[in-house]
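Working notes for the structure below.
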Amino acid sequence: MNQTLAILWNACGAAGVASAMATVAAVVLLVAGLGRKRRWSVWLLSVAAAVAAVVLATLTSHRIRSIEVDRSADVQAAEAAAAKTAQERFRDRAAGIRFAEDTAADQADVAGVTAAEEEGAYARAVAEQLAKLPAYARGGRKERSQAPRSGARPAGDDVAKEPPDQAPSEAAPAADAVPPARALPEAQLVVADRFDRWNRGLAWSLLTLATGLVVTEYVRRFNTTYDAVWPLPLAGTPVDGAAAKQHVADPPPVEDAADFLAAVARKGESFVVFAAHDPLHGRTGLPRLAAGPLRWDLPVQSFAAEQLATDPCLAELVFETAWFGRGGLVVVGGPAVEAVIADFADRLERRRACRAVARRTVNVLWIGQAAPAPAVAARVARLAAPTNIRWLGPT
């Protein structure tokens, strides 16, 4: 175990250790986020840790890929075998006369073999042993040749025009020098490669898992009534079908109604507010999306309940505007507000009869005034889910 850790430290360095620590941190944060408390923030931290693990694993992989196989032990073994082979050949050429009193030194006598013959035999033996090595292990480090750019003078011209008595620059060899590549024995490099594959695979897997959990949690909270985070105008059938939605809920406090409606607009939904007083204080628009100078607003209009009760065409316009998500409506209450909400329930009944569903959720709020008739409120609550309406009022 200690030997493996030493090999990994030598091959991967600090980047490998940091990558492993980031991976462990991502796993711990993912497990910690399984509880409901602070799940969103914990899983966001797990995504950050997984991103760090992927970056560090990539750096570690580049470091390992730059290591070459150290063949010095194979070359030394080949040279030793060549020397032994040459010595055996010299023994065959030793004097054929043998005496009973000859020692081992006498038997190894290579008298009559010239120095040139000895060197040639050794060179041939070394060549034979090196030929047994793989092709990629012979010849040392290879350098990629670079063709001269178009218009550039060949190097030979410069040499030819250089005065013969001019000494070459001493800085040139230093500029062309290539730093020696790191090398490890093949067995150690196999261990480092295995760690690299597992490290990168685990880091990417954790990043995918953490991102998927964060997206799932974002959609779940997006479809809640009051718990959305970083709302964006994503409301629609795909998001509605990705997580459960609460279609009947208690209304927000009157003092928080403006903030709630602003969040509804940023989610891409529309609203109809039945209130004794305008909670938006006459505002004509709420931002759906704002990015610097770019701004996309949801138009907001305010009507008195008496206007809608006496003008069916205007009531139809208000209902259609909310149904298709073209704007937000505020109906300021009065004695006629009961008739308006009853007409709203009748229109929902007709849409339900033809199985029509609002593409984006329509939030219907009843705040700051006496509760409507129980039968009307019950009808709206019953029709909310089939028509994609969120009823925020008494039931």
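Bear in mind these aren't lab numbers, they're just calculated from the coordinates by the rules spelled out. Keep in mind that what you see is a predicted model, and the values were worked out from it rather than measured. Every residue, glycine as well, gets a Cβ built from its backbone with ideal geometry; the counts of neighbours run over all protein chains shown.
At a glance:
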item: Interchain or long-range residues, amide H under 5 Å from Arg288's placed H; result: Trp296, Asp297, Leu298
item: Amide H partners (placed H, <5 Å) of Val272, local residues excluded; result: Leu329, Asn363, Val364, Leu365
item: The stretch 237-392, relative contact order in percent, only Cα pairs under 8 angstrom and at least six apart counted; result: 32
item: Spin-label pair Thr310/Val17, simplified geometry with 7 Å Cα→Cβ offset, distance in nm; result: 8.3
item: Distance between modelled label sites at Ala243 and Tyr226, nm, 7 Å Cα→Cβ extension; result: 1.7
item: Contour excess over end-to-end distance, with Cα ends at Ala290 and Ala353 and 0.36 nm allotted per residue; result: 18.8 nm
item: Long-range amide H partners of Gly368 with built H, under 5 Å; result: none
item: Neighbourhood charge, 14 Å Cβ-Cβ cut-off, centred on Glu338 and excluding it, Lys, Arg +1 and Asp, Glu -1; result: -2
item: Over the stretch 178-313: Kirkwood hydrodynamic radius from C-alpha pairwise inverse distances, Å; result: 19.7
item: Length released on extending from Ala48 to Ala32, taking residue separation times 0.36 nm less the Cα-Cα span; result: 4.3 nm
item: Debye intensity ratio in log₁₀ form over the Cα atoms of the stretch 237-392, taken at each q of 0.14, 0.15, 0.17 Å⁻¹; result: -0.65, -0.75, -0.99
item: Length gained when the stretch Ala258-Ser205 is fully extended (0.36 nm per residue, less Cα-Cα span); result: 14.9 nm
item: Cα centroid separation, the stretch 218-251 to the stretch 332-380 (Å); result: 21
